[in-house]
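Chemist: Shown below is the structure under consideration.
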Amino acid sequence: MTKITKQSKSLQAPKEVEAFKKQKTAETVKNDDGSVTKRRETARTTKELTTREGKLLEKSSEYRRTSTTAKGGQADSSFVDRSDMLGRRSQEARHQSINPRGDSNVRLQTKDVFGIDKTATERSTTRERGATVTTRNTTSSFDSRGNAAKSSDVTRVTTSNEGKTTVTRNAKDASGTDLTTRSSTTYEGGVFTLNDGMDWKSNKSIERSFMKETEFDSKPITDKADKITPWIGKIFKALGLEQTWSSQVDPQRMSENTLFQNDIAKVGTRVGISGGQSLTVDEKGIHGNFNREAVAGIYAEAGDHVSGKYGEASYHATALAEAKASIDAQGKIDANGLDATATIRAGAKVEVEATGHAQTQSVTIGGVEFNAAADGRVKATAEVAAEATGHVQITRDPPTAIAEGTAGVSAVAKVEGEIKLSAGPFSVTGSAYASAGAEARATGIIGYQDGKLKIGGSAGAALGLGAGAGLQVEIDVAQIGEAAKGLADVDGDGELGFGDVIAAGKKLAGVAETVSRAADVNGDGRVNLGDAAAAVSRAAQGLGRAAVRAGDVNGDGRLGLDDAAAAATNVARRAADTAKSVVSGAADVAKNTAKKVASWFGF
């Protein structure tokens, strides 16, 4: 992906949106989901504005206008402005016009929550020239990250022979790079989820097809067939060949061998053939099927788990390299004709996958257990496959004599990984992938079907690269609420109620009583101005004595190093008492705050 090539700017809301917000004659309706819709309709124009405001700060505004022209054309436009729970903004402006011919033009401009601007256009036209009708669809897109993609789909249909012959040609082309982003925030079942991701694709594909159909009257042929077919069933029955044969490949033809094995790992192989066949002959005709699969592969698996004082950890890894080939065929011959299909597949695959897990021991907060964990997964796959299918059908009803087939080959490689980190109610999951692939496909058809002689086919090839990443954040608000509830349950009865207020009040009353006793200087059992006067008098009386004894901390009548040590001890003790008081007060504040949080989330 290329770097940003220009500065992203907010899309400008159409002036008509602001004007419509001020429209006083429009009808306003409150919807069942809580949104409000404002609507105004005239002979040729309908305008509608819907606004939503969620409980967790998310909001959106959607404006739509539909109008028709005097000549029968139509123009639709819309503007959507959204803001999620985190205040991230995304916008979308769309305009579509359809002329009286039926041609349409669409222009879409978007700005996502990551600040990426993207513009996409789509044009569809239909033209008739003589006996040929051409339909053309083209699309293009580009964004502020330098990605650009385009595609073309052109179909030409030519009729001749007084409409009895139709020739259809189709050409499809696509190329370029495209970046798609996704983002959502939800709050459901007590869990808040943030999900963001990006997918980038580079593609080059081409496909061409041709089909010629000519109407043909098959009645003279089917009339003759109708005279013959009733005798076919009678012949089968008269021969007395009603019987069914079926068998399966000996299971011993598929063998599995263990090459290595211990307590944590195993390596083995699987080689052989499986399948079966059956044939039935009765008065209805002959029915049969045949299938075989050959497999050759080597497989490995390893895993272990450990636990200890601080937690536990485990891992699991698998690897395989295998090749497969198969054939599947079925057919029948009866009074109505022949119908047979056969499919052949072959491919090889290499895959490696590993997962890991680590988790700490649990701790309990507010009666709720919390732990931290890490999970990881990585997978790499490379696969090559080829497939061919053939179908032959010759039937009397409906009249059909057709042969068609499809062949294709593909090669794909992909690497993907994911890691999840969690700590109590919080978890973050990150994922990423990269892929590369190529594909070629061809089809063909010849014969008589649906009343028409048909001959045609198609061929196409595609080459693509892809990459993507995602991020998901989850917060279990309900779990946080349970822990907060436990902390706020002061009286320990398992519920939040007036009892917790009384218990908290008693604690506060005890603190107040201690403060009151300390402030009652004159000892009259009350705290008033008399205590303040007594405190001032005592301070004045003791000021002189305190000045004399200020340095004599240990009271031995002398000043020395012992006094400095005693002073340091006193300071430390007072600091400890102060810290204890602060911690106690902070605990009460935390419990009260937790109680409010729990109440807000419905606990």
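The values are calculated or read from the model by the stated rules, or taken from the named source; none is laboratory data. Remember, predicted model here, so these are calculated numbers, not experimental data. All Cβ positions, glycine included, derive from the backbone under ideal geometry; neighbour counts span all protein chains shown. Each accessible area value is taken on the protein alone, full model and side chains, heavy atoms only, with ligands, DNA and RNA left out. Shrake-Rupley method; radii C 1.70, N 1.55, O 1.52, S 1.80 Å.
Chemist: Counting just the residues of the range 26-39 that are touching a strand residue (DSSP E or B) at 6+ places or on another chain (Cβ under 9 Å) and open to solvent by 100 Å² or more (accessible area, probe 1.4 Å), which one comes out nearest to residue 72 (Cα to Cα)?
Modeler: The extreme case among them is 27.
Chemist: Can you pull out every residue in the range 77-118 that is in a loop (DSSP other than H, G, I, E, B) and out of contact with any Lys or Arg (no Cβ under 7 Å at 6 or more places or on another chain)?
Modeler: Across the range 77-118, the qualifying residues are 84, 85, 86, 87, 88, 99, 101, 102, 103, 112, 114, 115.
Chemist: Is it true that some residue in the range 289-312 is surrounded by 16 or more Cβ atoms within 10 Å (Cβ to Cβ), closer than 22 Å to residue 394 by Cα and out of contact with any helix residue (DSSP H, G or I) (no Cβ under 7 Å at 6 or more places or on another chain)?
Modeler: yes
Chemist: Could you pull out every one of the strands (runs of 3 or more DSSP E) wholly within the range 378-484 that has 2 or more residues that are in contact (Cβ under 8 Å) with a residue 24 or more places away in the chain, of a type in the set (Lys, Arg) and within 30 Å of residue 361 (Cβ to Cβ)?
Modeler: none
Chemist: Follow-up. Which condition number in (1) closer than 19 Å to residue 149 by Cβ; (2) within 24 Å of the chain's Cα centre (by Cα); (3) open to solvent by 20 Å² or more (accessible area, probe 1.4 Å) is the one that residue 116 fails?
Modeler: For residue 116, the failing item is (3).
Chemist: Something else: In the range 271-285, how many are farther than 30 Å from residue 258 by Cβ and not hydroxyl-bearing (Ser, Thr, Tyr)?
Modeler: Selection size over the range 271-285: 7.
Chemist: Testing residue 141 on (1) assigned to a strand (DSSP E or B); (2) open to solvent by 50 Å² or more (accessible area, probe 1.4 Å), one condition comes back false. Which one is that?
Modeler: (2)
Chemist: Which condition breaks for residue 278 when tested against (1) open to solvent by less than 70 Å² (accessible area, probe 1.4 Å); (2) modelled with pLDDT under 90; (3) more than 36 Å from the chain's Cα centre (by Cα); (4) of a type outside the set (A, V, I, L, M)?
Modeler: (2)
Chemist: Please go through the range 43-61 and give me each residue that is closer than 12 Å to residue 20 by Cβ and surrounded by 14 or more Cβ atoms within 10 Å (Cβ to Cβ), ordered by number.
Modeler: 46, 47, 48, 49, 50, 51, 61
Residue-by-condition table, conditions (1) within 30 Å of residue 306 (Cα to Cα); (2) β-branched (Val, Ile, Thr); (3) surrounded by 17 or more Cβ atoms within 10 Å (Cβ to Cβ):
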residue	(1), (2), (3)
376	yes, no, no
381	yes, yes, no
388	no, no, no
446	no, yes, no
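Chemist: So, residue 434, is that one surrounded by 16 or more Cβ atoms within 10 Å (Cβ to Cβ), at pLDDT 90 or above, within 30 Å of residue 336 (Cα to Cα) and among the small types (Gly, Ala, Ser) or not?
Modeler: No: the conditions fail for residue 434.
Chemist: Could you tell me whether the range 150-172 includes any residue that is open to solvent by less than 30 Å² (accessible area, probe 1.4 Å), farther than 25 Å from residue 454 by Cα and modelled with pLDDT of 95 or more?
Modeler: Among the residues of the range 150-172, not one is open to solvent by less than 30 Å² (accessible area, probe 1.4 Å), farther than 25 Å from residue 454 by Cα and modelled with pLDDT of 95 or more, which makes the answer no.
Chemist: Can you tell me which residue within the range 1-25, out of those that are modelled with pLDDT under 80 and among the hydrophobic types (A, V, I, L, M, F, W, C), is most open to solvent (accessible area, probe 1.4 Å)?
Modeler: Among them, the one singled out is 1.
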